[in-house]
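The values are calculated or read from the model by the stated rules, or taken from the named source; none is laboratory data. This is a predicted model, so every value here is computed, not measured. Quick reminder, even Gly has a Cβ in these numbers, built from the backbone with ideal geometry, and neighbours come from all protein chains shown. With ligands, DNA and RNA removed, areas are computed over all heavy atoms of the protein, side chains included. Shrake-Rupley method; radii C 1.70, N 1.55, O 1.52, S 1.80 Å.
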Amino acid sequence: MRGLLLLNLGTPDAPTTAAVRRYLRQFLSDPRVLDINPVARALLLNLIILPFRSPKSAHAYRTIWDPARGSPLLYHTQDLARQVQARLGETWRIELGMRYGKPSIAHALARLVDAGCRDISVLPLFPQYASSSTGTAYQEVMAQASTMWNVPPLTLIPAFYDHPDFLAAFADVGAAPLASFRPDHVLFSFHGLPERHIIKSDPGRNHCLAMDSCCDAIGEANRDCYRAQSFATARGIAERLALTPDRYSISFQSRLGRTPWIKPYTDARLDELAASGCKRLLVFCPAFVADCLETLEEIALRAREQFIARGGEELQLVPSLNSAPAWVDAVVNIGTNRGPGASR
């Protein structure tokens, strides 16, 4: 039997201040996420972030929490895992692990080994590579596997930002909203990162963010650049939806703190679009394959309120991939190294 370990970031156990505080402590204690001096990280986390951000984040989680199923990120990813398992059958065992929170990577990996999986493919559900997402997930899987006496063979699946099946799945879920909503403009909003993360991903430190055109194409210098991969994803989806460059733009959301994050900023872009006369705005969030706090609360609620307050008439969020049939097909193909379109 072969194993497929699906990884996502994680979620609090409940939309309470205490649960969110536990989650944020684990998440922001990771040096790949908050990559500053350990003493400074501890002070920032314990004196500023946890006391002030935990109650605000708990309130935000309550606006999207499902009374029956809980966290959207968790149940959408669980649904995906079940459908991938059904598609692959008994020759594969599928498990879900969260980098932070439950179910843990250690638990998921142990279940695969106990089920008799002789080799395990690891698929982080982050389309674009970042050290603070894909990198830390890889690291945790290897750390947990290294504690086992019989270390299982692992295949780490790379970022799939330009995989044809991933792009086709997002175009598939976006086609109907695009046709029915008839937006004046389409915005591709990706999760943001500090600029220093992007610069550190550049081996020569002389390409990324050094010029306006640094993300126009993927090359040796920016092959691991999250921003360049995000631009490539947006171009790929836009091409499949026949969106010309004047009909869409790209931005980055969720910035935190005072240090520079990658631009353009989503909140600033919303103001610019409203001021330019855009009335109907359709938003894709292709950094997220499952709807979560950043899509359902940050974009569908807060960004919508901001856009309307600045003069826009309506903002509509394109649902994420969740467990859409085309995405299940894509995960089967990506996770088992089948060719694009093989499961269709």
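Only one of the numbered conditions (1) open to solvent by 30 Å² or more (accessible area, probe 1.4 Å); (2) within 23 Å of Pro124 (Cβ to Cβ) is violated by Leu47, and that is (2).
Hey, does region 233-252 have a residue that's of a type in the set (Phe, Trp, Tyr) and farther than 22 Å from Ala330 by Cα? Give the derivation first.
Our first condition is that a residue be of a type in the set (Phe, Trp, Tyr); within region 233-252, this holds for 248, 252.
Narrowing the set further to residues that are farther than 22 Å from Ala330 by Cα leaves 248, 252.
The answer is yes, given that some residue of region 233-252 is of a type in the set (Phe, Trp, Tyr) and farther than 22 Å from Ala330 by Cα.
Would you tally the residues in region 1-36 being assigned to a loop (DSSP other than H, G, I, E, B), out of contact with any strand residue (DSSP E or B) (no Cβ under 7 Å at 6 or more places or on another chain), open to solvent by 40 Å² or more (accessible area, probe 1.4 Å) and in contact (Cβ under 8 Å) with a residue 40 or more places away in the chain? Looking only at that region, the number is 3.
Yes or no, residue by residue, for (1) under 29 Å from Arg32 (Cβ atoms); (2) open to solvent by less than 50 Å² (accessible area, probe 1.4 Å); (3) in contact with a Gly (Cβ under 9 Å, 6 or more places away or on another chain); (4) of a type outside the set (D, E, K, R):
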| residue | (1), (2), (3), (4) |
| --- | --- |
| Tyr75 | yes, yes, no, yes |
| Gln78 | yes, no, no, yes |
| Glu90 | no, no, no, no |
| Arg93 | yes, no, yes, no |
| Arg99 | yes, yes, yes, no |
| Lys102 | yes, no, yes, no |
| Ala108 | yes, yes, yes, yes |
| Ala115 | no, yes, yes, yes |
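Does Thr147 fit the bill of being more than 23 Å from the chain's Cα centre (by Cα) and at pLDDT 95 or above? So Thr147 fits the description; yes.
What about Leu315, is it touching a strand residue (DSSP E or B) at 6+ places or on another chain (Cβ under 9 Å), farther than 24 Å from Leu7 by Cα, crowded, with 18+ Cβ neighbours inside 10 Å and in contact (Cβ under 8 Å) with a residue 60 or more places away in the chain?
Numbers: touching a strand residue (DSSP E or B) at 6+ places or on another chain (Cβ under 9 Å): yes; farther than 24 Å from Leu7 by Cα: yes; crowded, with 18+ Cβ neighbours inside 10 Å: yes; in contact (Cβ under 8 Å) with a residue 60 or more places away in the chain: no.
Against the criterion (touching a strand residue (DSSP E or B) at 6+ places or on another chain (Cβ under 9 Å), farther than 24 Å from Leu7 by Cα, crowded, with 18+ Cβ neighbours inside 10 Å and in contact (Cβ under 8 Å) with a residue 60 or more places away in the chain), Leu315 does not qualify.
Going by what's in this entry, would Leu301 be described as at negative phi, in a helix (DSSP H, G or I) and either of a type in the set (Lys, Arg) or open to solvent by less than 60 Å² (accessible area, probe 1.4 Å) (or both)? So Leu301 does not fit the description; no.
Checking the stated criteria, Phe284 turns out not to satisfy the condition of being modelled with pLDDT of 95 or more, under 24 Å from Lys56 (Cα atoms), of a type in the set (Phe, Trp, Tyr) and open to solvent by less than 10 Å² (accessible area, probe 1.4 Å).
Would it be correct to say that Tyr226 is open to solvent by 30 Å² or more (accessible area, probe 1.4 Å), in contact with a Phe, Trp or Tyr (Cβ under 8 Å, 6 or more places away or on another chain) and in contact (Cβ under 8 Å) with a residue 12 or more places away in the chain? So that I can check it myself, show each step before the final result.
Details: open to solvent by 30 Å² or more (accessible area, probe 1.4 Å): no; in contact with a Phe, Trp or Tyr (Cβ under 8 Å, 6 or more places away or on another chain): yes; in contact (Cβ under 8 Å) with a residue 12 or more places away in the chain: yes.
Answer is no for this residue.
Looking at the structure I just gave you, is Leu178 at pLDDT 95 or above, part of a helix (DSSP H, G or I) and in contact with a Gly (Cβ under 6 Å, 6 or more places away or on another chain)? Working first, answer last.
Working: at pLDDT 95 or above: yes; part of a helix (DSSP H, G or I): yes; in contact with a Gly (Cβ under 6 Å, 6 or more places away or on another chain): no.
Taking the combined requirement at face value, the residue does not satisfy it.
Return yes when Leu109 is modelled with pLDDT of 95 or more and within 17 Å of the chain's Cα centre (by Cα) and no when it is not.
It is false that Leu109 is modelled with pLDDT of 95 or more and within 17 Å of the chain's Cα centre (by Cα).
Residues in region 197-223 that are part of a helix (DSSP H, G or I), surrounded by fewer than 17 Cβ atoms within 10 Å (Cβ to Cβ) and in contact (Cβ under 8 Å) with a residue 12 or more places away in the chain: Lys200 only.
Suppose we keep only residues that are touching a residue at least 24 places away in the same chain (Cβ under 8 Å) and surrounded by fewer than 24 Cβ atoms within 10 Å (Cβ to Cβ) within region 258-271. Which one would you say is farthest from Leu9 (Cα to Cα)?
Of all residues in region 258-271, those touching a residue at least 24 places away in the same chain (Cβ under 8 Å) come to 259-262, 265-267, 269-271.
Now restrict to residues that are surrounded by fewer than 24 Cβ atoms within 10 Å (Cβ to Cβ): 259-262, 265, 267, 269, 271.
Working: Thr259: 23, Pro260: 23, Trp261: 20, Ile262: 20, Tyr265: 22, Asp267: 23, Arg269: 26, Asp271: 30 Å.
Only one residue fits best here, namely Asp271.
Restricting region 242-295 to residues that are outside any helix (DSSP H, G or I) and among the β-branched types (Val, Ile, Thr), the residue that is nearest to Met98 (Cα to Cα) is Val289.
Select from region 148-164 the residues that are open to solvent by 70 Å² or more (accessible area, probe 1.4 Å), in a loop (DSSP other than H, G, I, E, B) and not hydrophobic (A, V, I, L, M, F, W, C) and list them in ascending order. Give the derivation first.
Restricting attention to region 148-164, the residues satisfying the condition of being open to solvent by 70 Å² or more (accessible area, probe 1.4 Å) are 149-151, 153, 155, 158, 162.
From the residues that got through so far, the ones that are in a loop (DSSP other than H, G, I, E, B) too are 149-151, 153, 158, 162.
Passing the criteria: Asn150, Pro153, Pro158, Asp162.
Looking at Ala274, Ala309, Ala290, Ala324 in this structure, which one is closer than 27 Å to Ser180 by Cβ, open to solvent by less than 30 Å² (accessible area, probe 1.4 Å) and free of Cβ contacts under 8 Å to residues at least 60 places away in the same chain?
Values: Ala309 fails: open to solvent by less than 30 Å² (accessible area, probe 1.4 Å); Ala290 fails: free of Cβ contacts under 8 Å to residues at least 60 places away in the same chain; Ala324 fails: free of Cβ contacts under 8 Å to residues at least 60 places away in the same chain.
Exactly one residue qualifies, and that residue is Ala274.
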